[in-house]
Amino acid sequence: MRIAALLLLLLISALPLRAQDEEVVLGLSQNRVAITASFDGSEILVFGAVKRQTPIPETPMEVIITVAGPDGPVTLHRKARKAGIWVNADTVRIDRAPSFYAVATTGPLGKILSQTEDLRHEVSIPRAVRSVGVSEFVADPGNFTEALIRIREDEGVYQQLEGAVTFDQQTLFRTKITLPSNLTEGSYPTRIFLTRDGRVVSHFETVIDVRKVGLERWLFALSKNQPVVYGILSLVIAVVAGWLASAVFRWFRS
């Protein structure tokens, strides 16, 4: 009994050592994105290498890279025509949905990552979106989640980039993630997963900081801290802009 317990202890203590056989060494072309008045998007180069303590195994390794924006709840409505008018028939609350999500891989995601590992690490886009609090009167809540994903994919804020990660000699990897112009301010966790036979053998996480700067930052802070002043300023700007446009139009006609 004592020998069995000793063997179990040795096995448990050996697990972390095995997990360190292959590690991620990561780099980013930039870890901070500044949103200005003329910001029209950005492109992040994610690159790195696999650090090994042992020779390269025969089973090929795959790489998965995810970048996620700040998440929050989303309420979706399905409209239906009743008594000749369109009304909200069903409502579903998505408890957590990232404002931006990109997943880039070296191959088809379904082949290089098992469903169990996807569930554990929430890698794929559907796993990154969580639906709770669904109305009991909605028979097909999954359709709402699929609709949200489809809409945001069309907008370019959800991206599944299979085969977009270049992996050289099972050591060096790189990919480019395009950030759209309508970014939400906040921290963007960036994760790298090394997989083999569908299992995650190592992972690493860092953060890309996205912040408004200059005039954009000042207006954002004003709208949050002094909404009345922000509203009056917006009204004044609109009136002045309208007067200038009218004056220019009269000048051209004269």
- Message: Residue under question is Leu45, and the condition is that it be in the same structural domain as Ala128 (by TED's automatic domain parsing) and at pLDDT 75 or above; does it hold?
- Response: yes
- Message: For segment 174-192, give me each residue that is closer than 14 Å to Ile44 by Cβ and either touching a helix residue (DSSP H, G or I) at 6+ places or on another chain (Cβ under 7 Å) or open to solvent by less than 30 Å² (accessible area, probe 1.4 Å) (or both).
- Response: Thr175, Ile177, Leu179, Pro180, Leu183, Tyr188, Thr190, Ile192
- With Glu185, Glu216, Glu205 as the choices, which residue is of a type in the set (Asp, Glu), in contact with a strand residue (DSSP E or B) (Cβ under 6 Å, 6 or more places away or on another chain) and at pLDDT 85 or above? Glu205
- Kindly list the number of the only condition in (1) open to solvent by 50 Å² or more (accessible area, probe 1.4 Å); (2) part of a loop (DSSP other than H, G, I, E, B); (3) modelled with pLDDT of 85 or more that fails for Ala164. (1)
- Thr178 fails exactly one of (1) within 25 Å of Ser99 (Cβ to Cβ); (2) modelled with pLDDT of 90 or more; (3) polar (S, T, N, Q), namely (2)
- Would you point out the residue of segment 82-112, among those that are of a type in the set (A, V, I, L, M) and buried (at least 19 other Cβ atoms within 10 Å of the Cβ), that is modelled with the lowest pLDDT? Val92
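The values are calculated or read from the model by the stated rules, or taken from the named source; none is laboratory data. Since this is a predicted model, take the numbers as computed values, not measurements. Glycine gets a Cβ as well: all are built from the backbone with ideal geometry, and neighbour counts include every protein chain shown. Keep in mind that these areas ignore ligands, DNA and RNA; they rest on the heavy atoms of the full protein, side chains included. Shrake-Rupley method; radii C 1.70, N 1.55, O 1.52, S 1.80 Å.
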